[in-house]
Amino acid sequence: MKLKNYIIRNISLSIQVLALIILGQICMVFWGFSISNLITYISSKNTDLFFTWLIFMIIDLVIWMVQIYISKIKYHKLIQKINIQIRQDIATKLFRSSYQNFYKKDEGTYVSWLTNDITIINEYGFGILYLIISQISGIVFSFIATVYFDASLIITMLVLSFIVLYVPSILKNKMQKRMKDVSIANESLTNNITDVLQGYDSLKMMNLEKYMVNRINLFSQNLANKQIAYATITGKLMSLTNGVSLTSQIILFSQSALLYFNNIIPIGAINGVQYFSATIFSSLTGLSANIIELKTIDPIFEKFENIVEDISNNLISINELTSSIEMRNVSYEFNNNKVLHQIDLSFKKNKKYVIVGDSGKGKSTLLNLISGKLTDYSGEIIWDNIPYNKIAKSTIQNQIIYINQNPYIFNASIRENLTLLDSFSDEEIQKVIKDVGLYSWISELEHGLDTIISLNAKNISGGQKQRIALARGLLKNKSIILLDEPTSALDEFSANDIENLIFNNEKLTVIMVTHRLRNNIKQLIDEIITLE
């Protein structure tokens, strides 16, 4: 993932923006050239040429105004299109990363990548690149215009230009480091704001306003310090380069005055040289600083590039389970602590299993191994005689519904929460919501399936959340259900209803972890597995 890759992906629109930038710089240089000629013809009292160049200036102005209008629109179309593509690429890489790699960072970090870092890329990437192109084209056309006055001016300009370009390189490495610090501080602030807000209930009940405010202030101050540090180094750079730039303009102004005194150039050329030298050196001042600033976004793209994807090349795709899932001599460690040790288990198609045991005995870990979330185990896990390590994990997950005590429900319609934007007919949806006991509830809603579920699903009950999660899997024809304490947060009636619904379905293979085994489903269970 590099800035240039996204520009190439949108080459047609990029070329249009480039052409408009160049046209704008041509208009600007022609404006300066016209003023120079007008002053000369005023001095010589040549009214014909004066009015001719005045008309040229008006035409130039009209073209320039149209260019500014169209350029603004095209530029923002390009930026917004690329923003969407960057977010798509990040989301794709995150989804394709393994479960373990994904959870090495918390959600606040990823939110920062998709928001704060995109803002930084816009400002210090595309915004700076736009300026660089404007500056380079302005410099080139200004040099060409200056040749018209006297070639000796070009030699002086070139020497001074190299000096102006060299000066900012002194601070290049410091600027890159400061920008990286700003990005990290943004992530930290986002993470901690998310953390504090999620703890709102606990803080409110303990009346800890001070903790909430102080925690946010602490990380806000950290970000402020990093941004001030970046502004400080940028200020040093701008002070140094502007000083060199203005000195260069004084030198060229003096040279053009000497040429006029010796009758080598007309009076209007002094104004022209001043105009073009100001354009060249102000552009060079900005250019050298902007080139350095443009490179400060490299660490951000490198961060995105370093997302490790779970490669599925040469792995086998599986279909619906026909026989069994076997676990042979399986062990799992977490932080050097043995969670599971030499487990041997068999889960047969359409059978019902319950896993019990004390906390910390590896019940949830067992489900994570079966679902393919965890891969760094020893021993063998086998799907219909095919070892898990030879199977593409995505095809395992295509067969499994995983439901915990708090399944995630999106801030979207009930329909979207069921289909997750896959295509299903109304008949298929109606059948599933009847099967899971959602039909009567949805029928009573004013907007039915199009009812919007609020953020964090605050407008539906725990039982409804469980049923929606179950319906999702059934709609996608998944036949294995892994349940991790699915009813622990529900009332007795809802819990019995959900468990009966699942365990009475003869087409499902069910593996449930629970601390509380209800009597009403004991007769439906084929095997109770105790982890010790």
* To do: Would you be able to say whether some residue in segment 259-269 is assigned by TED's automatic domain parsing to the domain that holds Asn186, in contact (Cβ under 8 Å) with a residue 12 or more places away in the chain and within 36 Å of the chain's Cα centre (by Cα)?
  => no
* Structure fact -> By residue number, the members of segment 400-418 that are at pLDDT 90 or above and polar (S, T, N, Q) are Ser413
* Please identify the pairs in which a residue from segment 382-402 that is free of Cβ contacts under 8 Å to residues at least 12 places away in the same chain has its Cβ atom under 9 Å from the Cβ atom of a residue that is crowded, with 18+ Cβ neighbours inside 10 Å and among the aliphatic types (A, V, I, L, M), counting only partners at least 6 apart or on another chain. => Pro387/Ile381
* **Residue in segment 39-89 that is farthest from Cys27 (Cα to Cα), counting only those that are charged (D, E, K, R) and part of a helix (DSSP H, G or I)** => Asp89
* Structure fact -> Output for Cβ contacts, cut-off 6 Å, separation at least six or different chains, first residue under 11 Å from Ser183 (Cα atoms) in segment 114-126, second in a helix (DSSP H, G or I), reads Asn116/Asn186; Asp117/Ile300; Ile118/Asn83
* Which numbered condition Asn459 fails, given (1) in contact (Cβ under 8 Å) with a residue 40 or more places away in the chain; (2) assigned to a loop (DSSP other than H, G, I, E, B); (3) of a type outside the set (A, V, I, L, M) -> (1)
* Asked: Any idea which of (1) within 29 Å of the chain's Cα centre (by Cα); (2) under 27 Å from Ile525 (Cβ atoms) is the one Thr419 doesn't satisfy?
  -> (2)
* Asked: Ser248 versus (1) among the polar types (S, T, N, Q); (2) within 18 Å of Leu153 (Cβ to Cβ); (3) surrounded by fewer than 16 Cβ atoms within 10 Å (Cβ to Cβ): which is the lone unmet condition?
  -> (3)
* Of the numbered conditions (1) in contact with a strand residue (DSSP E or B) (Cβ under 6 Å, 6 or more places away or on another chain); (2) at pLDDT 85 or above, Lys434 satisfies every one except a single condition; which is it? -> (1)
* Asked: Which residue out of Ile307, Ile355 is in contact with a helix residue (DSSP H, G or I) (Cβ under 9 Å, 6 or more places away or on another chain), part of a strand (DSSP E or B) and more than 30 Å from Asn242 (Cβ to Cβ)?
  -> Ile355
* Structure fact -> Of the listed residues (Leu475, Leu455, Leu490), the one being at pLDDT below 85, aliphatic (A, V, I, L, M) and under 19 Å from Trp441 (Cβ atoms) is Leu490
* Asked: Just one of Ser152, Ser188, Ser142 is farther than 29 Å from Ile7 by Cβ, assigned by TED's automatic domain parsing to the domain that holds Ser239 and surrounded by 15 or more Cβ atoms within 10 Å (Cβ to Cβ); which is it?
  -> Ser188
* Restricting attention to helices (runs of 4 or more DSSP H) lying wholly within segment 100-181, give those where 3 or more residues are of a type outside the set (Asp, Glu) and within 26 Å of Leu240 (Cβ to Cβ). => 127-147, 151-166
* Asked: When the residues of segment 332-374 are filtered to those that are loosely packed, with under 14 Cβ neighbours inside 10 Å and of a type in the set (Gly, Ala, Ser), which remaining residue is farthest from the chain's Cα centre (by Cα)?
  -> Ser359
* Within the bounds of segment 95-112, is there any residue that is loosely packed, with under 13 Cβ neighbours inside 10 Å and at pLDDT 90 or above? -> no
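Just to be sure I understand, how many residues within segment 114-136 are β-branched (Val, Ile, Thr) and either over 19 Å from the mean Cα position of the chain (by Cα) or within 16 Å of Ser282 (Cβ to Cβ) (or both)?
Residues that pass the stated criteria total 4.
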* Asked: Are there any pairs, at least 6 apart or on different chains, whose C-beta atoms fall under 8 Å, with the first in segment 319-337 and touching a residue at least 24 places away in the same chain (Cβ under 8 Å) and within 16 Å of Leu374 (Cα to Cα) and the second basic (Lys, Arg) and surrounded by 11 or more Cβ atoms within 10 Å (Cβ to Cβ), and if so, which?
  -> Ser331/Lys338; Tyr332/Lys338
* Structure fact -> If we keep only residues of segment 473-515 that are among the polar types (S, T, N, Q) and assigned to a loop (DSSP other than H, G, I, E, B), then the residue farthest from the chain's Cα centre (by Cα) is Asn504
* Asked: Given Ser36, Ser71, Ser43, Ser12, which one is touching a Gly at 6+ places or on another chain (Cβ under 8 Å) and surrounded by fewer than 14 Cβ atoms within 10 Å (Cβ to Cβ)?
  -> Ser43
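The values are calculated or read from the model by the stated rules, or taken from the named source; none is laboratory data. Owing to the predicted nature of the structure, the values given are computational and were not obtained by experimental measurement. Every residue, glycine among them, receives a Cβ derived from its backbone with ideal geometry; neighbour counts consider all protein chains shown.
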